[in-house]
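I have placed the structure first, in the form of structure tokens, so that the comments after it can refer back to it.
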Amino acid sequence: MDEDFQGIKDKSPFIAWIHNISLNQQKYMKMKLDDLDLGHDVRYIIFIYDHPNCSQEDLVNMFCQSKGNIAKILKKFEEEGFIKRQPNPENRRKYMLNTTEKGQKLVPKFRQISKDWEKEVGITEKDQELRDRLTEIAIKGMELIEDN
């Protein structure tokens, strides 16, 4: 491999490679979903799809984003018809988030494009152990900052 491929040197920290993978996957997704102009924010729609009745705070915690940033993105998605907010009957100051029919149609399309990307870059079923380990690392990272 070229030592300076895409500006990342062989001796770069491990996290730099993870960041590079994430950015390149996002660029691929944007290229394939260009008509929607969702970029990497589509991950919020998928989280809402996978976690019906989740809250804005759930998104803040999962993606380590500010409340203001998440609120702005959710407003955009609501205006574009991908999600809906409903008052939580147990706490009227909070909202439950769900995907609309339009959002529900997007998720399988996104997942297929994501699988296509994984296939193109060589991620296979054999990489499940690596996925599990990276998930453990991500959870430990969230716990570290949560405790402080």
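Every residue in region 65-88 that is basic (Lys, Arg) and in contact with a helix residue (DSSP H, G or I) (Cβ under 7 Å, 6 or more places away or on another chain), please.
Within region 65-88, Lys67, Lys84, Arg85 meet the criteria.
Look through Lys84, Lys76 and report the one residue that is charged (D, E, K, R) and either part of a loop (DSSP other than H, G, I, E, B) or at pLDDT below 95 (or both).
One residue alone meets the criteria, Lys76.
Name the residues in region 121-145 that are assigned to a helix (DSSP H, G or I) and either touching a residue at least 60 places away in the same chain (Cβ under 8 Å) or not charged (D, E, K, R) (or both), would you?
Val121, Gln128, Leu130, Leu134, Thr135, Ile137, Ala138, Ile139, Gly141, Met142, Leu144, Ile145
Is there any pair linking a residue in region 57-68 that is closer than 11 Å to Phe47 by Cβ and among the aliphatic types (A, V, I, L, M) to one that is at pLDDT below 90 and assigned to a loop (DSSP other than H, G, I, E, B), with Cβ under 9 Å and at least six apart or on different chains, and which?
Leu59/Gln65
Given the criteria surrounded by 12 or more Cβ atoms within 10 Å (Cβ to Cβ) and at pLDDT 85 or above, does Ser22 qualify?
No: the conditions fail for Ser22.
The values are calculated or read from the model by the stated rules, or taken from the named source; none is laboratory data. None of these values were measured; they are calculated from a predicted model. Positions of Cβ are generated from backbone atoms using ideal geometry, with glycine treated the same way; all protein chains shown enter the neighbour counts.
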